[in-house]
Number of protein chains: 2
Amino acid sequence: MKHHITTPSLLLDKVRCLRNIERMVAKAKDANVQLRPHFKTHQSLAVGRWFRDFGITKITVSSVRMAQHFLQDGWDDITIAFPVNLLEIRHINDLAAQARLNLVVENMEAVEALQQGLTTPVGIFIKADTGYHRTGLAISQASEIDALIAAIRQTATLHLKGFLVHAGHSYGARNAEEVLAIHEESLRQYALFRERYNDRAPDLIFSMGDTPSCSVADHFPGVDEIRPGNFVFYDLSQWQIGACSLDDIAVVMACPVVAKHASRSDIILYGGGVHFSKDRVKLSDGRTIYGMVVPVDWDRWQMPKTYNFIKSLSQEHGIVSADPALFEQTKIGDVLHILPVHSCMTADLMKKYHVSDGMIIDDVLRLS
Amino acid sequence: MKHHITTPSLLLDKVRCLRNIERMVAKAKDANVQLRPHFKTHQSLAVGRWFRDFGITKITVSSVRMAQHFLQDGWDDITIAFPVNLLEIRHINDLAAQARLNLVVENMEAVEALQQGLTTPVGIFIKADTGYHRTGLAISQASEIDALIAAIRQTATLHLKGFLVHAGHSYGARNAEEVLAIHEESLRQYALFRERYNDRAPDLIFSMGDTPSCSVADHFPGVDEIRPGNFVFYDLSQWQIGACSLDDIAVVMACPVVAKHASRSDIILYGGGVHFSKDRVKLSDGRTIYGMVVPVDWDRWQMPKTYNFIKSLSQEHGIVSADPALFEQTKIGDVLHILPVHSCMTADLMKKYHVSDGMIIDDVLRLS
């Protein structure tokens, strides 16, 4: 690849990225669902504009700060898909004054605090739990949901939009069939919600989230909106789940080689947990891995014929367990290219992309 | 605690931090070893000045960029304790022109590249492996070490300083006895090196690294320099290893409470992998945890009477498995205080500290 990398760097293949966006846009259109992509994965105003070129006007973010970040580039229809943080009411009011803002609630404390603190109307989604059990309300908690709906309906500044779901347990799937089974179960749950609330509230929408389901499924009956995020880049986690091919992964880490150990066939990279994050994938053979080496042609990375993985990461070191061919051909001072396990976390750490056509994007949101 | 936290924030208790520094300074003095603390944990110019107040003048860092960062605040005796990254030779030359710089090598490729590329003399440590097996040369690789020494000695710009060791396998220890056993084995290995090289090179020094050994051991026979870093803050990993008490941990994350789930006794925090990192500790009872809740008095966090842990982290969510008392007393909109598993990684993500006396330090190095 034509670059002048001297330290661990995140490269973005614009061709693969645009193909991922285009495919999800087409799928949403075919399935007649609204695509409201989650921008927490890329966090970049420039990548956001690529979405805009495909006609996207509504987005999802995971924090008030991220909403502020994208608002400054003209995004004015934003869902913050995280249980509303009541301590940020002042910033929420600022946002609501400038954008169509949707918030997520799942308890009466939040509704009451918004009743008291909001100065501008917002849309409200109730967080529903269809099996992930991280957060949200299950259909069995109907009395709590009923009470929330009643309280929201009594409040002029709260406009009830519908139910928001993130079926994050799809990340535990290990093939497309398992993803589809989780998706089918989510659809059954939506039907229960709809059955219960359709008479009282026929206008409530269902918004669902996870990249595995949105990548693998083609049909979304009863769903009005999808909010995948990771698909813009994909990564080894999604590959392991069966949600993408290796060739769909649009980001790669470039890491200098600083040492080799022939007795262990290890290659030592400058590139560790502060660059990749410590996220890992457990392969079906039991190995835990932190990245995969891919070969590079003159301007793009290619699919590997054999798999060589990062087997461990410390703060700044990555250790590649290399097969004889890779070990032999790799020299100290080379740069190896590594597909990341979790592109959202790696992008969040790296803060900027080197786009493979040569342009450097460094307008990524700096969290904290 | 008197603060106005609205988003996940890293608090630093200056009293505990100064006590940690003072204790390590005293230990080094008593043991008659040079203390060259590793600054990768805090990465802060302000915290660096606290060390300077204790007479520290020599430091360790893990990257060229971090060396540049501290050089700007007058640190001019710096060891980059990472196998030298040959791709950064230009910046290394810049640094060497302004500071006493020590580099680490472990292969002939690095020595040859330095022979050709260095424009200013530097100190050189040979990376030795005393059992961690991440990187470095073992005493059994004597012919390689001999060749390196000969090549370094023939080069005017390379001044051989000695051997540098990081006994990182001490992180696998689960009590002080296990740490001491690893330390004793390292000392035995140093003796072997010394025996072999003392005649030819009586001036070579031994520099050792890890916080567990430096915290638990009081005696360092045959060691000339210690380079611990994490001890400035400590964390749950060090507590689990037996290298510190909970009361020694000088940083805590403050995280807003956004939801509660009574059926599971879960408290949902705004605070996830992008704030804490995904580093984890496996307790002796088999549980994997990502943080521990500590109570707070009017201006300091206190030791908990019962242990409540973060049981899982996703990108922005942390899930606390709460006992009945904590669940009951915690309200949505509260802030919980969480000891981190790995303070180096958390500080690197958070980028700034809120010091508990009210001063805010935000001059942390921004990696990328």
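The values are calculated or read from the model by the stated rules, or taken from the named source; none is laboratory data. Computed from a predicted structure; not experimentally measured. Positions of Cβ are backbone-derived with ideal geometry, glycine not excepted, and every protein chain shown enters the neighbour counts.
Residues are listed down the side, and each one gets a yes or a no for (1) within 16 Å of the chain's Cα centre (by Cα); (2) polar (S, T, N, Q); (3) closer than 30 Å to A:V294 by Cα:
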residue	(1), (2), (3)
A:K14	no, no, yes
A:A28	no, no, no
A:I80	yes, no, no
A:N85	no, yes, no
A:T119	no, yes, no
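For segment A:330-350, taking the residues that are under 28 Å from the mean Cα position of the chain (by Cα) and facing chain B (nearest Cβ under 8 Å), the one that is nearest to A:H261 (Cα to Cα) is identified as A:V335. Would you confirm, using the coordinates I've provided, whether A:S186 is among the polar types (S, T, N, Q), without any contact (Cβ under 8 Å) to a residue 60 or more places away in the chain and either within 19 Å of A:C214 (Cβ to Cβ) or in contact with a His (Cβ under 7 Å, 6 or more places away or on another chain) (or both)? For A:S186, the condition - among the polar types (S, T, N, Q), without any contact (Cβ under 8 Å) to a residue 60 or more places away in the chain and either within 19 Å of A:C214 (Cβ to Cβ) or in contact with a His (Cβ under 7 Å, 6 or more places away or on another chain) (or both) - is met. Only one of the listed residues (A:K282, A:K311) is modelled with pLDDT of 95 or more and surrounded by fewer than 20 Cβ atoms within 10 Å (Cβ to Cβ). That residue is A:K311. Of the candidates A:A28, A:A97, the single residue that is away from chain B (no Cβ under 14 Å), aliphatic (A, V, I, L, M) and touching a strand residue (DSSP E or B) at 6+ places or on another chain (Cβ under 7 Å) is A:A28.
Within segment A:301-316, being farther than 25 Å from A:V274 by Cα and out of contact with any strand residue (DSSP E or B) (no Cβ under 6 Å at 6 or more places or on another chain) holds for A:Q302, A:M303, A:K305, A:T306. Of all the numbered requirements in (1) under 27 Å from B:I319 (Cα atoms); (2) at pLDDT 95 or above; (3) more than 29 Å from the chain's Cα centre (by Cα), A:L164 misses one, and that requirement is (3). Would you confirm whether or not segment B:254-263 contains a residue that is touching a Phe, Trp or Tyr at 6+ places or on another chain (Cβ under 6 Å) and charged (D, E, K, R)? No: zero hits.
Answer with yes or no whether B:P83 is within 14 Å of chain A (Cβ to nearest Cβ) and either buried (at least 22 other Cβ atoms within 10 Å of the Cβ) or at positive phi (or both). It is true that B:P83 is within 14 Å of chain A (Cβ to nearest Cβ) and either buried (at least 22 other Cβ atoms within 10 Å of the Cβ) or at positive phi (or both). Comparison of B:E144, B:E185 shows that the only residue that is of a type in the set (D, E, K, R) and within 14 Å of chain A (Cβ to nearest Cβ) is B:E144.
The residue that is surrounded by the fewest Cβ atoms within 10 Å (Cβ to Cβ), among those in segment A:207-223 that are in contact with a Lys or Arg (Cβ under 8 Å, 6 or more places away or on another chain) and closer than 15 Å to A:A191 by Cβ, is A:G222. State which residue is farthest from the other protein chains (Cβ to nearest Cβ) when the search covers only segment B:33-63 and only residues that are surrounded by 17 or more Cβ atoms within 10 Å (Cβ to Cβ) and part of a helix (DSSP H, G or I). Only one residue tops the list, namely B:W50.
Would segment B:1-8 turn up any residue that is outside any loop (DSSP other than H, G, I, E, B), surrounded by 22 or more Cβ atoms within 10 Å (Cβ to Cβ) and in contact with a helix residue (DSSP H, G or I) (Cβ under 9 Å, 6 or more places away or on another chain)? No: zero hits. Within segment A:301-329, the residues that satisfy the criterion of being part of a strand (DSSP E or B) and either under 13 Å from A:L339 (Cβ atoms) or within 12 Å of chain B (Cβ to nearest Cβ) (or both) are A:W301, A:F309, A:I310, A:K311, A:S312, A:L313, A:H317, A:G318, A:I319, A:V320. Criterion first (surrounded by 18 or more Cβ atoms within 10 Å (Cβ to Cβ) and at pLDDT 95 or above) does A:N93 satisfy it? Answer is no for this residue. The residue of segment B:161-200 that is nearest to B:V122 (Cα to Cα), among those that are touching a helix residue (DSSP H, G or I) at 6+ places or on another chain (Cβ under 7 Å) and of a type in the set (F, W, Y), is B:F163. Give the residue that is nearest to the other protein chains (Cβ to nearest Cβ), with candidates limited to residues of segment B:64-80 that are part of a helix (DSSP H, G or I) and not charged (D, E, K, R). This residue is B:V64.
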